[in-house]
């Protein structure tokens, strides 16, 4: 993707919509909002994380490009004046000049999309009750077995943390729906770059840490409830790595 694509562009963060909204519908809404100020050349909307725990809304960001720098600066100035008065789903959104730096003058770190999932620590869970609640899946696992296996995974990760620049591990067990009745348990890892995440996946997918069980390692889905959004590590996210500020 050519960096010229995002010349004279702004980064819009804090867009929150429920799961009934598609990427295209969010782009239309965002386009209509900002086209009131000037002519928009292009728009890209993408999910930032699974959801907002307080409101159960999915968090999105957008990059809007304009035909010249004057239009871009006009939008930034106008939005700065009206920011507190214009809200989407009761939330304020932020508009900043798009940039490629790894850290801005305020020390804000950039968003990382190098999020990887480790599967097969436990067997998939089969659920027969169609009215089950996903949060109750944790009650169906053998917690002693899980803790033992997770500790072995942690020990392994601590030994390679510096080699692959592993930033964080989320030990909370999550579940990916393979079908209406089958849920696959997994945990998440986050690396400081796609290069390191790529290396980790290539070197360790199918590794065996216990009981002849091959652990499957891959980029995590952006939203385990909406698999059509795809996995982390796609071409857009790779282009954006280290280039967009978090809010």
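The values are calculated or read from the model by the stated rules, or taken from the named source; none is laboratory data. Computed from a prediction, not measured in an experiment: that's the story for all the values here. Ideal geometry is used to build each Cβ from the backbone, glycine not excepted, and the neighbour counts take in all protein chains shown.
Just give me the residues in the stretch 202-231 being surrounded by 13 or more Cβ atoms within 10 Å (Cβ to Cβ), in a loop (DSSP other than H, G, I, E, B), modelled with pLDDT of 90 or more and touching a strand residue (DSSP E or B) at 6+ places or on another chain (Cβ under 9 Å), in sequence order.
Answer for the stretch 202-231, where residues must be surrounded by 13 or more Cβ atoms within 10 Å (Cβ to Cβ), in a loop (DSSP other than H, G, I, E, B), modelled with pLDDT of 90 or more and touching a strand residue (DSSP E or B) at 6+ places or on another chain (Cβ under 9 Å): 205, 209, 220.
Please go through the stretch 167-201 and pick out each residue that is in contact with a strand residue (DSSP E or B) (Cβ under 7 Å, 6 or more places away or on another chain) and over 21 Å from residue 214 (Cα atoms).
Those that are in contact with a strand residue (DSSP E or B) (Cβ under 7 Å, 6 or more places away or on another chain) and over 21 Å from residue 214 (Cα atoms): 167, 168, 181, 191, 192.
Out of the residues in the stretch 125-141 that are modelled with pLDDT of 70 or more and outside any helix (DSSP H, G or I), state the one that is surrounded by the most Cβ atoms within 10 Å (Cβ to Cβ).
Taking the stretch 125-141 as the starting set, the residues that turn out to be modelled with pLDDT of 70 or more are 125-129, 136-141.
Those still in the list that are outside any helix (DSSP H, G or I) too: 125-129, 141.
Details: 125: 17, 126: 10, 127: 19, 128: 6, 129: 8, 141: 16.
Of everything passing the filter in the stretch 125-141, 127 is surrounded by the most Cβ atoms within 10 Å (Cβ to Cβ).
Just need a number here: residues in the stretch 1-13 that are outside any helix (DSSP H, G or I) and modelled with pLDDT under 85. Reasoning before the result, please.
Step one: of the stretch 1-13, the residues outside any helix (DSSP H, G or I) are 1-2, 7-13.
The next check asks that each one be modelled with pLDDT under 85; those that pass are 1-2, 7, 13.
Total satisfying the criteria: 4.
Could you check, for the stretch 17-27, whether at least one of its residues is surrounded by fewer than 19 Cβ atoms within 10 Å (Cβ to Cβ), under 17 Å from residue 237 (Cα atoms), touching a helix residue (DSSP H, G or I) at 6+ places or on another chain (Cβ under 6 Å) and at pLDDT 85 or above?
Scanning the stretch 17-27, I find no residue that is surrounded by fewer than 19 Cβ atoms within 10 Å (Cβ to Cβ), under 17 Å from residue 237 (Cα atoms), touching a helix residue (DSSP H, G or I) at 6+ places or on another chain (Cβ under 6 Å) and at pLDDT 85 or above, so the answer is no.
When you scan the stretch 235-245, do you find a residue that is out of contact with any helix residue (DSSP H, G or I) (no Cβ under 9 Å at 6 or more places or on another chain), closer than 28 Å to residue 59 by Cβ, assigned to a strand (DSSP E or B) and modelled with pLDDT under 90, even just one?
yes
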